[in-house]
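As structure tokens, the structure follows; a few thoughts come after it.
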Amino acid sequence: GFSSSGLYAVADTLDYGFYWFSTNNQTADAVAANGTANSVSTSFYDPSKPTVLYFHGWQKGTSAKNYSRETFIYTDTTNGNASVDTIAQWKADGWNVAIFYWNQLADEDEVKDAEAKIWSTSGPKGMRYRLSDGTYGTANTPTKSVAALAFDQYLAMMANYTGSEVRFAGHSLGSQLAANTAKLVSDYVAANSAKIKLMPKRLELMDPFFSKYGKYYLG
């Protein structure tokens with residue numbers, strides 16, 4: 001599976017959002033803390049290129065591991081543990097690639113507590129986030145669901161997008177985040193037809209996870 005890395009460790013505050021990737025696992029934060037898009041080189045984001053965005057899933061226990069985060073580097077155990085950059089071909093083919101990191105928010109011992117944050121701020125644990133000492137932070141917690149946070153960043157970082165297509169890909173619990181974010185984008189594009197380029201053309205759900213039973217926080 002995908003390995004995690006401490007390369008993108010964050011301080012004992014809350015860090016979430018899209019990070020653009022170039023080759024060799026280099027990253028660039030897509031959106032600044034004030035909500036405006038960061039200026040990055042075209043090796044990370046070229047508004048004229050097709051774009052694929054990945055949403056990770058449940059991240060139990062990762063904060064205590066120096067905020068380890070999923071990357072696109074794969075360890076090939078069938079080939080002497082060779083390190084494989086799984087997006088090298090995507091980049092060579094001219095794609096923009098990003099991951100939406102919500103690892104501190106997704107670090108709950110009970111998966112349903114992380115699941116709720118995708119949809120609502122009023123789930124069992126609110127919008128608390130885990131710190132590297134294993135405790136939970138509640139200072140300056142987000143006032144929007146994780147999907148709404150992703151949607152806001154998406155609009156900011158893709159404001160000048162002119163490429164041929166956008167794809168969303170979610171893994172496991174992240175499938176719900178990809179789907180909910182896509183719904184928010186769909187509603188937005190329906191009301192803002194000039195932004196049709198922002199509508200994802202493909203929604204890929206990889207090993208999707210949805211828990212059973214009703215959810216009081218959905219109303």
Residue-normalised value, i.e. accessible area per residue, for the chain at 1.4 Å probe, in Å², stands at 47
What are the lysines whose alpha-carbon lies under 23 Å from the alpha-carbon of K212, with same-chain residues fewer than 8 places away excluded? K60, K112, K117, K125, K183
14 Å tail of the calculated P(r), region 123-162, as % of Cα pairs: 59
Measure out, as a whole number of angstrom, how far apart the alpha-carbon centroids of region 67-127 and region 146-179 sit. 13
Accessible carbon and sulfur surface of region 5-90 relative to its total accessible area, %, 1.4 Å: 50
In whole µm²/s, the translational diffusion coefficient that Stokes-Einstein assigns to region 4-118, given a Kirkwood hydrodynamic radius over C-alpha pairs, 20 °C and 1.002 mPa s, equals 140
For the chain, what is the percent of antiparallel DSSP beta bridges, rounded to the nearest 5? 55
When the charge dipole of the chain is computed with +1 on Lys and Arg Cβ and -1 on Asp and Glu Cβ about the Cα centre, the Cα farthest towards its positive end, among A179, T36, Q104, belongs to A179
Using a 1.4 Å probe on the protein chains only, how many percent of the accessible area of region 106-219 belongs to carbon and sulfur? 54
Residue by residue through region 189-200, the couplings from Karplus 6.51 cos²θ - 1.76 cosθ + 1.60 with θ = phi - 60°, in Hz, x for Gly and Pro, are 5, 4, 9, 9, 4, 5, 9, 4, 4, 7, 6, x
Whole-Hz ³J(HN,Hα) for each residue in region 114-124, computed from phi via Karplus 6.51 cos²θ - 1.76 cosθ + 1.60 with θ = phi - 60°, x for glycine and proline: what do you get? 6, 4, 4, 5, 5, 9, 7, 8, 10, x, x
Could you give the size of the charge dipole of region 45-147 about its Cα centre, using +1 on the Cβ of each K and R and -1 on the Cβ of each D and E, expressed in debye and rounded to the nearest 20? 300
Compute the orientation-averaged projected area for the chain from the convex hull of its Cα atoms and round it to one decimal in nm². 12.5
Please give the charge dipole size of the chain, origin at the Cα centre, charges +1 on K and R Cβ atoms and -1 on D and E Cβ atoms. Round to the nearest 20 debye. 540
Sorted by mean Cβ packing within 10 Å, highest first, what order do the peptides 179-186, 156-163 take? 179-186, 156-163
Rounded to a whole number, what is D in µm²/s for region 146-219 from Stokes-Einstein with the Kirkwood radius over alpha-carbon pairs (20 °C, 1.002 mPa s)? 163
In whole Hz and in residue order, list the ³J(HN,Hα) couplings for region 23-34 that follow from phi through the Karplus curve 6.51 cos²θ - 1.76 cosθ + 1.60, θ = phi - 60°; x for Gly and Pro. 6, 6, 6, 7, 10, 9, 5, 7, 10, 6, 4, 7
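The values are calculated or read from the model by the stated rules, or taken from the named source; none is laboratory data. This structure is a prediction, so every number in the text was calculated from the model and none was measured. Cβ sites come from the backbone with ideal geometry, for glycine too, and all protein chains shown count toward neighbours. These area figures cover heavy atoms from the full protein model, side chains too; ligands, DNA and RNA do not enter into them. Shrake-Rupley method; radii C 1.70, N 1.55, O 1.52, S 1.80 Å.
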